[in-house]
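In what follows, a structure is listed as structure tokens, so that the remarks can point back to it.
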Amino acid sequence: MAAMPHDAVMVVDPDLRLRWVGGPARAELGFPAVGDRLSTGLEQLLAPAIRDALDGRRGRRDIVLGRRVYAVDLTPMSPTGAPGTPSAVLALWADVTAAREEQARLKKSETQLRLTLDNAPIGEALVELDGRWRWVNAALVQLTGYSEAALLGTTFQEITHPDDLALDLDLLQQLLAGDIETYQMEKRYFTASGSIVWVLLCVSLVRDDSNEPLYFVSQILDITDRKAREASLRDLTSMLAHDLRLPTTVIAGYTELLLNDDESLSTEGRRGVVSRLSRAVTSLEDLLSNSLTASALDAHGMMAVPEEIDLNALVRDVVSGIPHPGVSIDIAVSNGATAWADPQHLDRVLANVVSNGVKYGGKDLRITSHAEGDRVHLSVVDHGTGVPPDFVPRMFDRFTRSDTARGGHQRGSGLGLHIVQDLMVLNDGSVTYEPTPGGGATFVLDMPAGARA
């Protein structure tokens, strides 16, 4: 047995006495002389396993001696030709230090990789060849809204938007055929709640040593906000291209008329031309201001810096900056009424709401205030035609305009009320609409009252 390919071999009897020993490492392992009992240290390490072997159960365990690790295989031995109760235990010792260090290194590396993937800020997944999720990380679970168990019970096909599925499957087939090594595409997933998220998907294929496909590796980045900003930019560009034409045409036309006037225009006629030019410039200013504000809101580039605001002073300042010929504006804001908001934001909100009232609210406009606990309400009331009932549910949406706002001399951009709503929310407030009794529109701005510092 001394020639067996092990570092050490020994035979131990039930009294834990060494009956035979061999192998190149027997000396450094500190085995006793044949016939002597195992040392206390070896006995503590091996006695339980030896007892198991004497009961007829083979076993293996790692033994650490010094800085070396040995795998010890223990086999019960019975007298030749007399099977039954074992009379000794054969122990085969193999130095596995290097193997265990490599296993520990791999385990540590795998643990670090798993932790990295589990805590990655983007979705990571392993996907079976038939589309079933094999493994998903926390970011993908959060992105889709499914629990991990629920997601693992589905396929990527089930949650992919049908308009994106054909391209996705075609690219997967190209991966399997070896035509491409990886692919990237934008696609949509349905979340657990039924909403849609846009993602940037990057997929590669893992193959075995025989080049047979095993599974897909997917990286999934949420680009929903980016797609929304792109759509907003397209809408904004389209709106500007359309709505800038009218005021710029008016300005160009009437400016040329004044430049080429041969004194045929009367003083009153000149005043009319200048008035039209003024309205066109005001329209341009409102359009550009709202466009810049909308862009900043889309980019999450606006933050409220609230302070106590004198509402009476602010309303009068805003009204004085809005041309309103032929429209009477009654300011009935209580003296001492204050709000806790960003002054620039509230200025933009009031300018939009009051401008709407001037454009579409008839000849009379009234602005009032009302305190209620730690909130203050500012109401802008007109007696015009009001908001068409079918338009009310959409009136705060981006780029939506009623038929009245689409035509005539007072064209709206469809941004004003959308901005009003976003800025009010940014300042812990809200805006609501209600019909004015007897006809017209009332917009109520609700916000924190002042004296918050």
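Just a few scattered comments:
- Cα-based reach from Lys187 at 30 Å (exclusive), listing lysines while leaving out same-chain residues under 8 positions away: Lys227
- Using C-alpha pairs under 8 Å with a sequence gap of at least 6, the mean separation divided by the residue count of the chain gives a relative contact order of 8 percent.
- Local net charge near Ala47, Cβ-Cβ under 12 Å (Lys/Arg +1, Asp/Glu -1): 0
- Within the chain, the longest run free of exposed loop sites, counting GluC sites (Glu not before Pro) that sit outside DSSP helix and strand states (H, G, I, E, B) and have at most 16 other Cβ atoms within 10 Å, spans 264-453.
- Accessible surface of the chain, 1.4 Å probe: 53 percent of it comes from carbon and sulfur atoms.
- Cα-projected label distance for Glu102 with Glu186, points at 7 Å along beta-carbon direction, nm: 4.8
- Inter-label distance, nm, simple model (7 Å from Cα along the C-beta direction), Glu256/Arg270: 2.2
- Placing unit charges on the Cβ atoms only, positive for Lys and Arg and negative for Asp and Glu, gives the chain a dipole magnitude near 940 debye about its Cα centre.
- Cα gyration tensor, the chain - rounded (a/c under 1.5), prolate or oblate: prolate
- Extending 7 Å from Cα along the Cβ direction at Lys363 and again at Asp130 yields two label points whose distance is 7.8 nm.
- Positive dipole terminus of the range 344-397, leading residue within Gly362, His383, Pro393 (C-beta point charges): Gly362
The values are calculated or read from the model by the stated rules, or taken from the named source; none is laboratory data. Note that the structure is predicted; figures quoted are calculated from it, not measured. Heads up, the Cβs are rebuilt from the backbone with ideal geometry, glycines too, and the neighbour counts pull from every protein chain shown. Keep in mind that these areas ignore ligands, DNA and RNA; they rest on the heavy atoms of the full protein, side chains included. Shrake-Rupley method; radii C 1.70, N 1.55, O 1.52, S 1.80 Å.
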